[in-house]
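Trainee: Encoded as structure tokens, here's the structure I'll be asking about.
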There are 2 protein chains.
Amino acid sequence: MSKTTYWLGVDLGGTKMLAALFTGKFKLLVERKEKTSGQDGAKAVIARLQQLIADTVAEAGIPEKQLGGIGLGVPGPVNVQTGAVISAPNLGWHNLPLQKILERSCHSPVRVFNDVDAGTYGEFRFGTGEQARCVIGLFPGTGIGGGCVYDGKIFTGRENSCFEIGHMLAVPEGRLCGCGRHGCLEAHASRLAIAADSAAAAYRGQAPALLKLAGTDLRELKSRTLAKSIAAGDRAIEDIVRRAARQLGVAAASIVNLIAPDIIVLGGGLVEALEKLYLEEVRAAVMSHAMPLLADRVKIRAAQLGDHASVLGAAALVAEARGKP
Amino acid sequence: MSKTTYWLGVDLGGTKMLAALFTGKFKLLVERKEKTSGQDGAKAVIARLQQLIADTVAEAGIPEKQLGGIGLGVPGPVNVQTGAVISAPNLGWHNLPLQKILERSCHSPVRVFNDVDAGTYGEFRFGTGEQARCVIGLFPGTGIGGGCVYDGKIFTGRENSCFEIGHMLAVPEGRLCGCGRHGCLEAHASRLAIAADSAAAAYRGQAPALLKLAGTDLRELKSRTLAKSIAAGDRAIEDIVRRAARQLGVAAASIVNLIAPDIIVLGGGLVEALEKLYLEEVRAAVMSHAMPLLADRVKIRAAQLGDHASVLGAAALVAEARGKP
């Protein structure tokens, strides 16, 4: 009997980290979660990450030798040559050589990817992406992440990951963005921007259901809370979400005009909680703002893999990097 | 002595058509021009095109057998699988199977490309593009054309050419575009939009030099005339051009955020006539609107090949399609 090679995918998020061990055919064996607690500093987070990896492998009971590699998705741009994290604002990281650090401690090959790139690749390989020639992933969350898989490969710059759709200019002289500039798409259309507008609407008395459900604290305004408030009749919240989806759709239309993707995959908690309404607006905006000959050909779909997109993608990407696709 | 293979490149423009015959090493042998006169209808234009091709080959005195192929650049989107012209507004063409028509009459392999794609490929291979991994071409003219060469290949959709930067939304509820929508980049920042604003400024008495040079008829407002008026002190015209260049620069910044190109090549008559001023504004806009880690790495340059970019590119592309790169 030949020895199976296993692959580990890790999604390092701002709030939690998820590790999942897969067989050579990418069937899930074991998964484990841990809190990230980025405020403890990079050292503590990395130690927790190393422990999580070790525990996951131990739980599966596979010999260390049969772990083919570890793929990580991180919330920020990465240097695709070195696997360093260029910046991860939610973790307070800046130029952290994560791949090197983990390779030293884990005795396995490590590859570091942007989390949305990994998630888009996951959907491309195992989800709604159908292994199409050009798949775009758009994930509105605290920011708005984007990724592109083209001819089976993640689209990157020569040195750095890219597809920073969240920082396309949406509104000249617009709202302040986390990057310090103004009017970026994510400053207007992310779940955080929606939450801010919704809290203001609740404060003004325009969203009584939401006010009752969650008050006016942004921390309480989760995607599911927004969905509940809309279901309960808060028209103002519905308007806010639809408007944000349209703005993302206008940016998606520019992407369609530029690179004519086959499939656009929309993912993340907001899209999961409000799929019908959200996709409706994005589709309408693409149809009215992209050139008809390109808009007609693009499929716009919800992601299928949920939280597993990034871990599956990262595991498959490290397998491919090791020549085992 | 082995027989050389020659390649013919044709740039079919709205006003003129240019044919150029090249050696296997892409040295120019013969070139000829002809008026397009699109108002005569597709049949007449195609007949003129066939005559121009025949005359160019005849003038070079090469045997028909040694013509390896004919590459054409056309002013509009093309079907990359069939070589049909999907639409060419300046010629009044719609779904014209140009490749098939010419292959029947020319007894040589024919390939049809979007003209800006061909020009971008020309600059990539022989001009300022340095054969970089990702080269973007932006050509503001009557519209604004865009092209992308990625890993040595023109970036296209599965079926159709793309990179329609001119139809990215620049101004919500903005000016009427030739495509029928409002606020597209080319409705605000093309040479035609600049000419319209300049004519209005001349009419209002804000551009005395331009009024004297060319009056208020858009047909007379060529790029060189605009350059002369600026040199003669028309500040209003300088403001108009700078503003348009900034708008194109903002769109270029979105492209940088998305696909992190190595080089952006700016070409066409307007850029040639006003290179310094134009590039200054585009560079400034990219630096202030793209993410620093991506903006820092992109070179922004003027095209080098002028009118020869498209014929060279089209000739080299058909050579590559025939397995002779």
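The values are calculated or read from the model by the stated rules, or taken from the named source; none is laboratory data. Quick caveat: nothing in here was measured; it's all calculated off a predicted structure. Note that each Cβ is placed from the backbone with ideal geometry, even for glycine, and that neighbours are counted across all protein chains shown.
Trainee: Scan B:LYS228, B:LYS222 and give me the residue that is at negative phi, more than 14 Å from every other protein chain (Cβ to nearest Cβ), surrounded by fewer than 24 Cβ atoms within 10 Å (Cβ to Cβ) and under 20 Å from the mean Cα position of the chain (by Cα).
Mentor: On the way: B:LYS228 fails: under 20 Å from the mean Cα position of the chain (by Cα).
Only one candidate passes the filter, namely B:LYS222.
Trainee: List the strands (runs of 3 or more DSSP E) inside the stretch A:73-163, counting only whole elements, that have at least 3 residues being touching a strand residue (DSSP E or B) at 6+ places or on another chain (Cβ under 9 Å) and more than 23 Å from A:ARG48 (Cα to Cα).
Mentor: Passing ranges, in order: A:134-140, A:144-150.
Trainee: Which residue pairs have Cβ atoms under 8 Å apart, sit 6 or more places apart or on different chains, and have a first residue in the stretch A:244-262 that is at the interface with chain B (Cβ under 8 Å from one of its Cβ atoms) and a second that is of a type in the set (S, T, N, Q) and part of a helix (DSSP H, G or I)?
Mentor: Listed pairs, sorted by first residue: A:ALA253/A:SER288; A:SER254/B:SER254.
Trainee: Oh, and also: Condition test on B:THR120, is it away from chain A (no Cβ under 12 Å), at pLDDT below 95 and either out of contact with any Asp or Glu (no Cβ under 7 Å at 6 or more places or on another chain) or within 30 Å of B:ASP234 (Cβ to Cβ) (or both)?
Mentor: no
Trainee: Right, here's the next one. B:GLN206 is checked against (1) at pLDDT below 95; (2) in a loop (DSSP other than H, G, I, E, B) and fails just one. What number does that condition carry?
Mentor: (1)
Trainee: If you scan the stretch A:169-179, which residues turn out to be assigned to a strand (DSSP E or B) and either buried (at least 24 other Cβ atoms within 10 Å of the Cβ) or at the interface with another protein chain (Cβ under 7 Å from one of its Cβ atoms) (or both)? Give the derivation first.
Mentor: First, the residues of the stretch A:169-179 that are assigned to a strand (DSSP E or B): A:169, A:176.
The one that is assigned to a strand (DSSP E or B) and either buried (at least 24 other Cβ atoms within 10 Å of the Cβ) or at the interface with another protein chain (Cβ under 7 Å from one of its Cβ atoms) (or both): A:LEU169.
Trainee: Looking at (1) touching a residue at least 60 places away in the same chain (Cβ under 8 Å); (2) surrounded by fewer than 22 Cβ atoms within 10 Å (Cβ to Cβ), which one does A:LYS212 not meet, given that it meets all the others?
Mentor: Checking A:LYS212 against (1) touching a residue at least 60 places away in the same chain (Cβ under 8 Å); (2) surrounded by fewer than 22 Cβ atoms within 10 Å (Cβ to Cβ), the one that fails is (1).
Trainee: Something else: Filter the stretch A:143-163 down to residues that are of a type in the set (D, E, K, R) and more than 7 Å from every other protein chain (Cβ to nearest Cβ) and give me whichever is surrounded by the fewest Cβ atoms within 10 Å (Cβ to Cβ).
Mentor: So the residue we want is A:ASP151.
Trainee: May I ask you to verify whether A:GLY145 is at pLDDT 95 or above, in contact with a helix residue (DSSP H, G or I) (Cβ under 8 Å, 6 or more places away or on another chain) and within 26 Å of A:ARG191 (Cβ to Cβ)?
Mentor: Numbers: at pLDDT 95 or above: yes; in contact with a helix residue (DSSP H, G or I) (Cβ under 8 Å, 6 or more places away or on another chain): yes; within 26 Å of A:ARG191 (Cβ to Cβ): yes.
Spelling it out, A:GLY145 is indeed at pLDDT 95 or above, in contact with a helix residue (DSSP H, G or I) (Cβ under 8 Å, 6 or more places away or on another chain) and within 26 Å of A:ARG191 (Cβ to Cβ).
Trainee: Testing B:GLN131 on (1) modelled with pLDDT of 95 or more; (2) surrounded by fewer than 21 Cβ atoms within 10 Å (Cβ to Cβ), one condition comes back false. Which one is that?
Mentor: Among (1) modelled with pLDDT of 95 or more; (2) surrounded by fewer than 21 Cβ atoms within 10 Å (Cβ to Cβ), the lone unmet condition for B:GLN131 is (1).
Trainee: Given the conditions (1) surrounded by fewer than 24 Cβ atoms within 10 Å (Cβ to Cβ); (2) within 11 Å of chain A (Cβ to nearest Cβ); (3) part of a helix (DSSP H, G or I), which single one is not true for B:GLY166?
Mentor: Result: B:GLY166 fails condition (1) only.
Trainee: I've got another one for you. So which residues in the stretch B:284-325 are more than 12 Å from chain A (Cβ to nearest Cβ) and either free of Cβ contacts under 8 Å to residues at least 24 places away in the same chain or closer than 21 Å to A:GLY166 by Cα (or both), if there are any at all?
Mentor: Across the stretch B:284-325, the qualifying residues are B:ALA284, B:GLU320, B:GLY323, B:PRO325.
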